[in-house]
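A.B. asks: Take this structure first; my questions come after.
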Amino acid sequence: MKQILNQLFEHQKLTHAQAREVLINISENKYNPSQLAAFISVYLMRNISAEELAGFRDALLELCVPVKLEEEVIDLCGTGGDSKNTFNISTLASFVVAGAGYKVAKHGNYGVSSISGSSNVLEHFGFAFTNKMDEIRKQLDVSNICFLHAPIFHPALRSVGPIRRELGVKTFFNMLGPMVNPANPTYQSVGVFSLKLARLYQFIYQQTNKKYCIIHGTDGYDEVSLTSVTKLYSNEEERLAGPEWFGLPQYSQEDIFGGDTIAEAAKIFMAILENNGTKAQADVVCANAALGIRCFDQSRSITDCVSEARYSLESGRAKNAFEKLLSAQ
C-alpha cells in the first residue's frame with residue numbers, strides 16, 4: 001500500500017490492474033485502518049478516473065456473492081452522497097416499478113451521508129436481509145422485487161464499512177454502489193451526485209450490454225428531484241430534462257425533504273405508498289419510476305411511463321409489492 005499511496009500522493013492515477021488489485025487486497029485484510037483511511041481520502045480530494053473506477057468495479061463483482069436469476073431485472077439505485085437528505089425516492093420508485101409488473105433486483109445499503117438509506121427503511125419495517133438464493137428467488141416470484149443488501153453480498157468491503165461510517169462523507173464506494181449489483185441487471189436506472197461522475201458512468205456503461213439511464217440533477221441531486229433541470233444519459237440519447245418534460249410541475253427542495261430520523265423517513269415512505277403523501281412526493285417518485293420503466297423501451301414517451309408509474313402507485317399495486325416482499329421472508 002505504501003507504493004500505491006505514494007503514487008497517488010504524487011497525483012498519478014492507478015491503472016485498471018492496480019485498482020483491481022488494491023480492492024482484492026482490501027478483501028484479504030492486507031491493509032491497516034490508517035492505510036485504508038488514507039487511500040479513501042485521496043479520492044475526496046481528486047477525481048477518480050474511468051480506469052480506476054472500472055478496476056474497482058471488476059474486483060468487487062469478482063469477489064461478490066453472485067445472484068443468478070433467470071429473469072431480466074432492473075435496478076433503480078443512486079450513488080448517494082448528494083447530502084440532500086431526501087426521502088427514499090429510488091426505493092419507493094423500485095416498488096412502483098415492481099407494482100407495474102417489472103422484475104426489480106434492488107441493490108441497497110445503509111445511509112452514509114443521509115439519514116436513511118434503503119436498507120435503513122426496510123429494516124425499520126422488519127425486513128430481514130439475506131443472500132440465500134432460494135429466498136431471493138421467492139421474493140422475486142412473490143412480489144416482483146428482491147432486495148440485495150450490499151454488505152452481505154460484498155464481504156470484501158467488511159473492513160471498509162466502519163471507516164466509511166466514521167468519515168461520514170461520500171467516498172468512491174458511493175460511486176461504485178450501483179455498478180456492483182451482484183445480480184448484474186440487464187436494465188439500470190442510476191442516479192449520480194455529480195456531472196463528472198455521470199460522464200464517467202456513461203463512458204463505462206457504453207462498454208457494456210446494459211440498457212441504462214444515468215440521472216444527475218443539475219442542482220446536485222442523484223435522482224430526478226423536479227426542483228431543477230435533470231441531465232440524462234441513455235443508450236439512445238443525452239438530454240436536459242426539466243420538470244415539463246415529465247409533464248410535471250417544478251417543486252422546491254423543501255418539498256422532498258426526508259426527515260431527521262429513520263422513523264420519520266419510514267413514516268414518509270409509508271404515507272407515499274398509501275397515497276397519503278404530498279403531490280410533490282408522489283410526482284417525484286413517479287418521475288424516477290418512469291425513467292426505470294422507460295429503460296425497457298427507450299422509444300416510449302416519458303409521459304406514458306409517468307402515467308404507468310402513477311397507476312401503480314395510486315392503484316395500490318406498489319404498496320402490494322412492498323407488502324408481498326415483507327411477507328416473502
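A.B. asks: Taking the Cα centre of the chain as origin, work out the dipole magnitude from +1 charges on Lys and Arg Cβ and -1 charges on Asp and Glu Cβ, in debye rounded to 20.
C.D. replies: Dipole magnitude for the chain comes out near 540 debye.
A.B. asks: Taking the chain as a Gaussian network, Cα atoms linked when under 10 Å apart, which of VAL96, VAL67, VAL142 shows the biggest mean-square fluctuation?
C.D. replies: Among VAL96, VAL67, VAL142, the largest GNM mean-square fluctuation belongs to VAL142.
A.B. asks: Tell me, MET133, MET179, MET45 in order of fewest to most beta-carbon neighbours within 10 Å?
C.D. replies: Ordered by Cβ neighbours within 10 Å, fewest first: MET45, MET133, MET179.
A.B. asks: In segment 153-245, what percentage of the DSSP-assigned beta bridges are antiparallel, given to the nearest 5?
C.D. replies: Roughly 65 percent of the DSSP beta bridges within segment 153-245 come out antiparallel.
A.B. asks: Could you let me know the centre-to-centre spacing of segment 248-323 and segment 119-154, using Cα atoms, in angstrom?
C.D. replies: 21 Å
A.B. asks: Compare the Cα positions of THR218, LEU200, THR278 along the charge dipole of the chain (+1 at Cβ of Lys, Arg; -1 at Cβ of Asp, Glu; about the Cα centre) and return the one farthest towards the positive end.
C.D. replies: Result: LEU200.
A.B. asks: Among ILE48, PRO243, HIS124, whose Cα projects farthest towards the positive end of the dipole of the chain, with charges put on the beta-carbon of Lys, Arg (+1) and Asp, Glu (-1)?
C.D. replies: Towards the positive end, the residue furthest out is ILE48.
A.B. asks: How large is ³J(HN,Hα), in whole Hz, for each residue of segment 259-273 in order, when computed from phi with the Karplus curve 6.51 cos²θ - 1.76 cosθ + 1.60 and θ = phi - 60°, using x for Gly and Pro?
C.D. replies: x, 9, 9, 5, 4, 5, 4, 5, 5, 5, 3, 6, 4, 5, 4
A.B. asks: Sort MET1, MET175 so the one with the fewest other Cβ atoms within 10 Å of its own Cβ comes first.
C.D. replies: In increasing order of surrounding Cβ atoms, one gets MET1, MET175.
A.B. asks: Express the Stokes-Einstein translational diffusion coefficient of segment 2-63 in µm² s⁻¹, to the nearest whole number, given a Kirkwood radius over alpha-carbon pairs, 25 °C and a viscosity of 0.890 mPa s.
C.D. replies: 210 µm²/s
A.B. asks: Give me, ordered by chain and number, the residues 5 or more places off LEU148 or on other chains with an amide H under 5 Å from its own placed amide H.
C.D. replies: LYS106, HIS107, GLY108
A.B. asks: Which ³J(HN,Hα) values in Hz, rounded to whole numbers, follow from the phi angles of segment 238-247 under the Karplus curve 6.51 cos²θ - 1.76 cosθ + 1.60, where θ = phi - 60° and Gly and Pro get x?
C.D. replies: Using θ = phi - 60°, the values come out as 10, 8, 9, 10, x, x, 5, 5, 7, x Hz.
A.B. asks: Using amide H atoms built 1.01 Å from N in the peptide plane, name the residues 5+ places from PHE87, or on other chains, whose amide H lies under 5 Å from its own.
C.D. replies: Correct list: GLY258.
A.B. asks: How much length is gained if the chain between ASN6 and ASN29 is pulled fully straight, taking 0.36 nm per residue apart and subtracting their Cα-Cα distance, in nm to one decimal?
C.D. replies: Full extension from ASN6 to ASN29 adds 6.3 nm.
A.B. asks: Let me ask something else about it. Along Cα→Cβ, 7 Å out, is where each label goes; now give me the distance between the ones at THR278 and THR15 in nm to one decimal.
C.D. replies: It works out to 5.3 nm between the two label points.
Each reported figure results from applying straightforward, stated rules to the coordinates on display, with no laboratory input. Everything numeric in this text was worked out from a predicted model, so none of it was measured. Here Cβ is always computed from backbone atoms with ideal geometry, including for glycine, and neighbour counts include all displayed protein chains.
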